[in-house]
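See below for the structure under consideration.
The values are calculated or read from the model by the stated rules, or taken from the named source; none is laboratory data. Since the model is a prediction, treat every value here as computed from it, not as a measurement. So basically every Cβ, Gly included, is an ideal-geometry build from the backbone, and we count neighbours across all protein chains shown. Surface accessibility is based on the protein's heavy atoms, side chains included, excluding ligands, DNA and RNA. Shrake-Rupley method; radii C 1.70, N 1.55, O 1.52, S 1.80 Å.
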Amino acid sequence: YPKARLFSFCSRCKTKVYPDELPNTSVVIVFHNEAWSTLLRTVYSVINRSPRYLLSEVILVDDASERDFLKLTLENYVKNLEVPVKIIRMEERSGLIRARLRGAAASKGQVITFLDAHCECTLGWLEPLLARIKEDRKTVVCPIIDVISDDTFEYMAGSDMTYGGFNWKLNFRWYPVPQREMDRRKGDRTLPVRTPTMAGGLFSIDRNYFEEIGTYDAGMDIWGGENLEMSFRIWQCGGSLEIVTCSHVGHVFRKATPYTFPGGTGHVINKNNRRLAEVWMDEFKDFFYIISPGVVKVDYGDVSVRKTLRENLKCKPFSWYLENIYPDSQIPRRYYSLGEIRNVETNQCLDNMGRKENEKVGIFNCHGMGGNQVFSYTADKEIRTDDLCLDVSRLSGPVIMLKCHHMRGNQLWEYDAERLTLRHVNSNQCLDEPSEEDKMVPTMQDCSGSRSQQWLLRNMTLGA
Ligand code: LR7
Ligand code: MN
């Protein structure tokens with residue numbers, strides 16, 4: 001491997017010293033129809049880049065792959081490797097969550113490290129992870145995830161300036177590490193970043209803690225949701241989740257999956273996300289349900305076992321998580337309204353028409369179905385839908401949907417509950433009905449008290 005690939009990340013990390021006595025780890029890799037080269041690259045990089053005494057074993061869990069070379073050929077191949085590689089076969093396609101549970105149950109190491117089946121560990125990836133767990137066994141740790149191109153296999157260092165979050169649809173997203181977290185680390189970028197969520201595929205956890213905290217929700221199928229489920233659970237139930245910035249592992253980000261989702265992609269992901277929302281998010285699950293119309297109809301099975309777990313572990317409410325762990329979340333901890341914003345004069349509703357950034361907010365007949373007509377007027381006095389806020393930067397408009405910046409400025413609105421006006425504070429103008437020229441977008445006008453400047457902010461419930 002080219003040297004640059006191994007040592008280019010962070011010069012201050014190179015001089016860090018880790019204890020000799022560290023817990024050892026099993027590495028669990030689950031796969032379904034993975035390519036030979038990427039799977040073997042993952043295994044080789046684990047073996048070649050980990051101190052032998054820290055590596056208990058590698059466990060490959062085959063989630064009922066159909067490709068021939070993943071059967072006997074693979075079995076014979078791994079026999080010759082210098083670290084024990086165990087292959088476990090799922091009897092039927094089970095999804096990555098239940099496959100990981102099987103791998104974890106069969107493992108012996110003091111720590112369990114999970115990796116996707118298309119990764120490349122870099123030199124020195126393991127020691128920083130294990131050292132952090134040795135310091136605090138209730139810390140679950142992720143490396144920085146470097147990007148391997150699925151076209152060229154070029155390797156690009158990931159950023160230590162982003163951490164994990166999620167949006168109203170419960171999609172995992174990377175966001176900039178906020179100032180408060182930079183301050184807490186006093187500018188030392190070699191210290192771990194406390195992250196609200198993890199991407200899900202690459203992390204290490206103390207074996208006993210994995211069991212204490214409730215492993216995974218075995219009712220989740222195929223793919224999706226388990227990463228936020230584990231993130232919320234760790235934080236709400238007294239653990240912590242960190243990105244250890246001195247550990248780097250590459251991951252092939254692929255544009256298409258080599259597998260199917262039995263029952264349909266949407267159905268599987270919605271089911272998993274409902275299990276996540278129902279068990280961990282309390283009343284804040286409304287944000288997910290309102291922005292994703294139809295999701296409330298998806299059957300999510302029985303979650304009573306997971307709710308009992310939450311009670312037994314005496315976990316904190318989701319509001320605590322939003323306040324203490326993720327105050328910069330897209331879901332506001334305090335808000336005045338969540339639902340449609342209806343004009344009194346025209347009886348039409350604000351509509352973000354497909355939620356594109358940098359476009360004018362629209363206005364349309366109210367459909368009462370949530371989705372594009374859902375806005376929240378928050379305690380910070382922003383009008384937001386997911387991560388986009390109503391923003392006005394010029395006198396008399398237009399009103400644009402821009403990424404919420406939490407800096408007040410052009411995104412600060414005053415709702416007068418008696419006059420029903422929405423006054424944009426910076427311009428001191430009021431949100432008004434459309435003009436004759438463009439019937440599809442609201443305007444900004446001097447506040448006049450006319451009916452066209454009156455808006456009803458609704459708290460909508462979608463039968464959840
Ligand atoms: O049915 C399946 N059975 C499996 O064994 C489906 C998948 N898998 C295996 C698959 O072969 C792979 O090894 O599970 C692993 C993860 O599947 P991917 O690589 O298709 O998932 P991903 O990388 O697109 O998705 C991310 O989110 C998932 C949510 O369920 C998992 O948590 C993945 O582990 C996770 N990957 C990462 O975190 C890598 C960094 C991505 C980012 C950001
Ligand atoms: Mn992956």
Open item on the list: Can you find a residue that is out of contact with any strand residue (DSSP E or B) (no Cβ under 8 Å at 6 or more places or on another chain), part of a helix (DSSP H, G or I) and among the hydrophobic types (A, V, I, L, M, F, W, C) anywhere in the range 40-55?
Closed with: yes
Restricted to the range 229-242 and to residues being over 26 Å from T122 (Cα atoms) and assigned to a helix (DSSP H, G or I), the residue nearest to ligand 2 (Cβ to nearest atom) is E229
Selection over the range 199-209 where residues are part of a helix (DSSP H, G or I) and within 16 Å of ligand 2 (Cβ to nearest atom) yields a count of 0
Expected single match for under 20 Å from the mean Cα position of the chain (by Cα) and within 16 Å of ligand 2 (Cβ to nearest atom) among A277, A256 is A256
F166 vs (1) more than 16 Å from ligand 2 (Cβ to nearest atom); (2) over 20 Å from M281 (Cα atoms); (3) under 16 Å from the mean Cα position of the chain (by Cα): all pass except (2)
Taking the range 292-326 and the residues there that are over 23 Å from T215 (Cβ atoms) and of a type in the set (S, T, N, Q), the one that is surrounded by the most Cβ atoms within 10 Å (Cβ to Cβ) would be S292
Taking the range 132-170 and keeping only residues that are open to solvent by less than 10 Å² (accessible area, probe 1.4 Å) and farther than 25 Å from Y321 by Cα, one is left with D146, I148
Within the range 174-198, residues being of a type in the set (A, V, I, L, M, F, W, C), outside any helix (DSSP H, G or I) and either open to solvent by less than 80 Å² (accessible area, probe 1.4 Å) or under 19 Å from E323 (Cβ atoms) (or both) number 4
Picking from E357, E414, E345, the residue that is open to solvent by less than 80 Å² (accessible area, probe 1.4 Å) and touching a residue at least 24 places away in the same chain (Cβ under 8 Å) would be E414
G201 passes all but one of the listed conditions (1) near ligand 1 (Cβ under 9 Å from one of its atoms); (2) open to solvent by 40 Å² or more (accessible area, probe 1.4 Å); the exception is number (2)
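Results for (1) assigned to a helix (DSSP H, G or I); (2) open to solvent by 20 Å² or more (accessible area, probe 1.4 Å), shown as yes or no for each residue.
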position	(1), (2)
E211	yes, yes
A218	no, yes
V244	no, no
V249	no, no
P262	no, yes
A277	yes, no
K285	yes, yes
I290	yes, no
Filter result for R100 (under 19 Å from P258 (Cα atoms) and within 24 Å of the chain's Cα centre (by Cα)) | yes
Checked against (1) at negative phi; (2) without any contact (Cβ under 8 Å) to a residue 40 or more places away in the chain; (3) within 16 Å of ligand 1 (Cβ to nearest atom), T308 satisfies every condition except (3)
Subset of the range 292-311, residues over 19 Å from the mean Cα position of the chain (by Cα), part of a loop (DSSP other than H, G, I, E, B) and under 21 Å from M369 (Cβ atoms), comes to P293, G294, V298, D299, Y300
Those residues of the range 360-376 that are in a loop (DSSP other than H, G, I, E, B) and either farther than 22 Å from D286 by Cα or open to solvent by 10 Å² or more (accessible area, probe 1.4 Å) (or both) come to a total of 5
The residue that is surrounded by the fewest Cβ atoms within 10 Å (Cβ to Cβ), considering only those in the range 377-411 that are over 29 Å from the mean Cα position of the chain (by Cα) and either among the small types (G, A, S) or in a strand (DSSP E or B) (or both), is S396
Q) Has the range 73-89 got any residue that is under 26 Å from the mean Cα position of the chain (by Cα) and either away from ligand 2 (no atom under 16 Å from the Cβ) or under 25 Å from N227 (Cβ atoms) (or both)? A) no
